[in-house]
Each structure stands twice: as structure tokens, then as C-alpha cells.
Amino acid sequence: MTALTEEKKPTLLQHEQENSLLAGTGTLFRKEVLRFWKVSFQTVGAPVLTAILYLLIFGHVLENRVQVYDNVGYTSFLIPGLVMMSVLQNSFANASSSLVQSKITGNLVFLLVTPLSPLAWFTAYVGAAMVRGLVVGLGVYVATLWFSPIGLVAPLWTLVFTLLGACLMGSLGLIAGLWAEKFDQMAAFQNFIVMPMTFLAGVFYSVKSLPPFWLAASHLNPFFYMIDGFRYGFFGVSDVSPWISLGVVLMGAGVVSAVALQLLRSGYKIRH
Amino acid sequence: MSTSPNALRFDSVSKTYATAKTPALEHVSLSIDQGEFFGLLGPNGAGKTSLISILAGLSRASGGTVSVLGHDVVSDFARARRALGIVPQELVFDPFFSVIETLRIQSGYFGVKGNEVWIRELLENLGLADKANANMRQLSGGMKRRVLVAQALVHKPPVIVLDEPTAGVDVELRQTLWHFIARLNREGHTVLLTTHYLEEAEALCGRIAMLKQGRVVALDRTSSLLAGKASTMLRFKTDNALPQDLMPQARVTGRIVQLKAHDANEVESLLARLRAAQCKVEDLEIGRADLEDVFLEIMQEGPAA
């Protein structure tokens, strides 16, 4: 008997493994997108409406009282901030709520028994979170065109900050989703960390208008750089150089992604 | 000649949960050959689900190794999990999707493309064909259980693990399920089953392991287990109290009493003692011990060795 007649292995060859892993990652990504799309009234419609309400109320009250940059009305100033805020909050919400729901209802088991790698989980969850952030952000932008149409001076900057910000917040959402064991822990993460940091990052004002202490504090807030850099793409002016913001956001996205991936590798709170 | 790997192999598997004082599993070693229908029995808390969780990658062993068709479940997890189909004990589902979507997604996770024919076959065989487009939320418990089975089988795993699949399930589903699983076993799939219904295990499993307090206390062919222990049982119904000295060895289920009897002399002496105690006996019969008798006897044999 030659070696060729050895019984055939019931397992896949290396490249078949990789192909099927890729297909599996695609399935998880599509499932995650489908999950929010099936309830888009709540996951896309509601945040767009919230952003429009902010724009209407603050724009109406402050339009003639606040002038942040020369030649930029307050409503116009507000729009990029609201768009980016929506991108960030919804990227976070998608990854975190999906994971925590699956953990609590127990259906995460269907994913845990698959051959999908930690990197596949990360790619699919963060990818779908980015899609939700982008869809909501685009929705807010399109809706605001009706109130105060603003164009983009440097769209590439805006795009880069959108993608990096969404990736950072999707990864952060993944971490929060892994960490939280109950819905109220999730809500605490959202209400006591994500909300204050976005609101204090200069969505509604330029941090330049703040007293020195709060100005310095704002510069320690990574959300500030995401929003400031994003806004630069609209007006070509910003509180700090977009290159500095890019550096900070790149580093932030890198660190948060690395932490999320490491938690997935270690099976933190999902493989006991 | 090459020796084919065990379908499942547990080598000295131990597990102590962070929150527990006593270990859930202590040096459990078992090998299950390809094509076997294997039963894993034990009372609640004996460690059956812990063992299956380690196998599935839901939890990690504190010591020892587990492999599926020769693939280690930690270092070669992708191949190991591809070879495994697990029906979890808990009735879980994803409320966002319909039955057919659930199955397509599960198939997709394993990278199986063009799987519609097999998915249809699963739906037919598990009596789910008319529920294909129903949302998971709308299904009854029994129907959800069927979907769990279909999900576990969607990537045609050579090794199938069923963790108490018939808990709280009606007769019809049990029949459908065992018919289908037995067919898969005949076609070469290895089956590992945990159940509390011992008559099921007796009817289906060629070999059985019994766990108690995290240790294997019995491991043998089902027929040998049945032959090895007290093989004759005296069964009868009564409304009277049993004599005190017979209570420890009796298995009482409502009105039904079962007593071990090794031979005719012992049967006679038991009947004499019942008569002396003025115990009125109905529907008396002498039968062979079933797996439940063996199970009880093993579980009562003091602490695990």
C-alpha cells in the first residue's frame, strides 16, 4: 500500500479553510447589518429625528447670537457636529446592543460554536457598526440640507474622520458589549461615558469659547478631535490642525481596536 | 494502515469554575469512536453540560485536552468546530429572523455555500417545512427545539452532540427526532447524547458513561451495564406502607414499587416479608432490570471512587 491510499482526511485543506472563513465573516457582517436594518425605524429613523430636533431648537435659539467662525452661521456650524455625533453614537450602539442582547438572550451560542476567528468577529461586528453609523450620519446630513444646505470644502478629510471615528466607536461598542452583563450596565456605559464625552467635545460650540480649564480638558477628550477634524472637511477651518486630529484619532482607533480584538481572543466574558 | 482518530476524545479533563469551591469535572477521560451512539448520563450537576461546553468551546478546561476527529478544540478550534454539531440545552433563538433565515445564517457562519437542498431536507425531516417563513418568536417551544436541532446539523457535522434534546418535548417530536438522529447515525454520524430519560438512552445508545460529581463512575456497553448489575426486579403496586427494612432498597414511583431480587429465593423471601407486613400487592410482575435501576444503583454506591 502506498501513502496515496491512506484514508482521506475528513477535513478541509488550508485554502478551503480560509475561503470558508471569509464567507463566514461575510455572513456575520450581513446578519449584523440585517439586524439593524429590520428595525430601521428605531435604529436609523429615531436618531435622525433626534438630530433634526437639536438642529431646529438650538439653531432657532442661537442662530443670531452665536458666531463661531467668520462667514459660518450657527446652524451651519452645528450641522457637521450633529452628523458626526450621530455617526459616533450609532456605531457604538450597534455593536454594543447587538452583543449584549445576544449574550443576555443566550443566542450568542450559535456564534460561539462556529469556526469563526476573533478577527472575523471583530471585522463583522465593527464593519456592521460602521455601516449603521454611516447610514445614520448620511441620513442626518441629507435631512439638514433642507434647513441649511452646506457643502464640503475638503470631503476627503470628512470621509477619513467618519471612517476612523466609526471604527473607533464600533470597537468601543464591542468592548462595552463584551463587558456588560445586563442592560443597565450597558445603559450606564452609554449615558455616563459616551454621551458626556460627545456632548463635551464641541458638537454645539467651539471649545475656543470655553474658559482655559475646560479648554484644556476638552483637548484631553478624544471625541473632540473626531468632531473637529470632521468639521474641518466642511469649512476648511477648525480649532486644531486636522493633522493633529488625524494623529490622535488614528492612535485612538488603533488602541481601542487592539483592546477589542484582545478581549475577543481571550474569550473575555463569553468563553468561561 | 492508518488508525482513524476517535470521533471524540477527552483526556483527563478538569474544570473548576471561578465562582465554585468544588470542581465541576475531575480528570474525565473518555474516547468515543466514529459511528458510535454514545450516552452520557448523570444527575443534575454531575458535569455533563460542563463537559459539552468545553467540547463546544463555550468554556475552557482547567486541565486536560479535548479533541474532535483528532483536532484539539483549543489549538485547532476551527477544524474541531467544523466537525461538531451541538444542540444546546437552553431553548435559545434570535428573534430578528425567520426559521429559514436562521438556518441560512448558521450555514453561512460555517462557510457552506449552496446549502438550500440540505436545508430543505432538514426542514422536511424535522417537520418544519410549513414554518420555514415564520418568525422564531411565533414558534412554540417544541418548534423552537426542532430549529435548534436543524441549526446544529446545517453544516452536516460528522459528530453530533445533543444536550438533553427531549427535555420538555412532546411524544411526536421525540419520535421525529429519534427517527432522524438514528438515520444520521446509520449513515455514519457519531452521536453523543445526554438525557434524563433513561429508557431513551437504553434504546438508542450502544455505550454509556455515567458521571457523578464530575467523575466517570461507569463506562461500558449498555448491554454489559444491564447484565452486570442486579438483573431481576420485582415490580408491583400497593397502597400500603412498605416494611421499614425494605425501604432502603426500594425504588418507589407513586404506587409503583420496584425491589431488586437476584434469584427466585430472594423473590420468595421478599413476598413473605410483604405478606408479614400485611402489604396488599397488585399487578405483581418479575422483570429484567432497566437502565434506570442500574443508574440508581450506581449513583447510590457511595461517593465517586
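Values for this structure:
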{"quantity": "Top-ranked residue of the stretch B:26-41 - restricted to ones that are away from every other protein chain (no Cβ under 12 Å) and farther than 18 Å from B:Val87 by Cβ, ranked as surrounded by the fewest Cβ atoms within 10 Å (Cβ to Cβ)", "calculated": "B:Ser29"}
{"quantity": "Qualifying helices (runs of 4 or more DSSP H) (wholly inside the stretch A:60-158; at least 2 residues being surrounded by 24 or more Cβ atoms within 10 Å (Cβ to Cβ))", "calculated": "A:74-105, A:118-145"}
{"quantity": "Residue count, the stretch A:230-272 (criterion: assigned to a helix (DSSP H, G or I), over 30 Å from A:Ile79 (Cβ atoms) and of a type outside the set (Val, Ile, Thr))", "calculated": "8"}
{"quantity": "Selection within the stretch B:157-171 - at pLDDT 95 or above and part of a loop (DSSP other than H, G, I, E, B)", "calculated": "B:Pro157, B:Pro158"}
{"quantity": "Odd one out for B:Arg81 among (1) surrounded by fewer than 18 Cβ atoms within 10 Å (Cβ to Cβ); (2) more than 23 Å from B:Leu173 (Cα to Cα); (3) not small (Gly, Ala, Ser)", "calculated": "(1)"}
{"quantity": "Check on B:Ala20, within 14 Å of chain A (Cβ to nearest Cβ), hydrophobic (A, V, I, L, M, F, W, C) and over 19 Å from the mean Cα position of the chain (by Cα)", "calculated": "yes"}
{"quantity": "Residue in the stretch B:126-147 that is assigned to a strand (DSSP E or B), farther than 24 Å from A:Ala120 by Cα and either within 11 Å of chain A (Cβ to nearest Cβ) or free of Cβ contacts under 8 Å to residues at least 24 places away in the same chain (or both) present", "calculated": "yes"}
{"quantity": "Only one of B:Val92, B:Val13, B:Val73 that is more than 8 Å from chain A (Cβ to nearest Cβ), more than 28 Å from B:Met299 (Cα to Cα) and in contact with a helix residue (DSSP H, G or I) (Cβ under 7 Å, 6 or more places away or on another chain)", "calculated": "B:Val73"}
{"quantity": "Condition check for B:Ile105: within 14 Å of another protein chain (Cβ to nearest Cβ), part of a helix (DSSP H, G or I) and surrounded by fewer than 20 Cβ atoms within 10 Å (Cβ to Cβ)", "calculated": "no"}
{"quantity": "Conditions (1) part of a helix (DSSP H, G or I); (2) touching a strand residue (DSSP E or B) at 6+ places or on another chain (Cβ under 7 Å); (3) β-branched (Val, Ile, Thr); number of the one not met by B:Ile286", "calculated": "(1)"}
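Okay, residues lined up against (1) facing chain A (nearest Cβ under 7 Å); (2) buried (at least 21 other Cβ atoms within 10 Å of the Cβ); (3) more than 21 Å from the chain's Cα centre (by Cα):
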position: B:Ala46; (1), (2), (3): no, yes, no
position: B:Leu55; (1), (2), (3): no, yes, no
position: B:Val87; (1), (2), (3): no, yes, no
position: B:Gly111; (1), (2), (3): yes, yes, yes
position: B:Asn115; (1), (2), (3): no, no, yes
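Quick grid of which residues meet (1) under 24 Å from A:Thr105 (Cα atoms); (2) of a type in the set (Ser, Thr, Tyr):
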position: A:Ala154; (1), (2): no, no
position: A:Gly165; (1), (2): no, no
position: A:Leu172; (1), (2): yes, no
position: A:Thr198; (1), (2): no, yes
position: A:Val203; (1), (2): no, no
position: A:Met226; (1), (2): no, no
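The values are calculated or read from the model by the stated rules, or taken from the named source; none is laboratory data. None of these values were measured; they are calculated from a predicted model. FYI the Cβ positions are ideal-geometry reconstructions off the backbone, even for glycines, and counts take in every protein chain you see.
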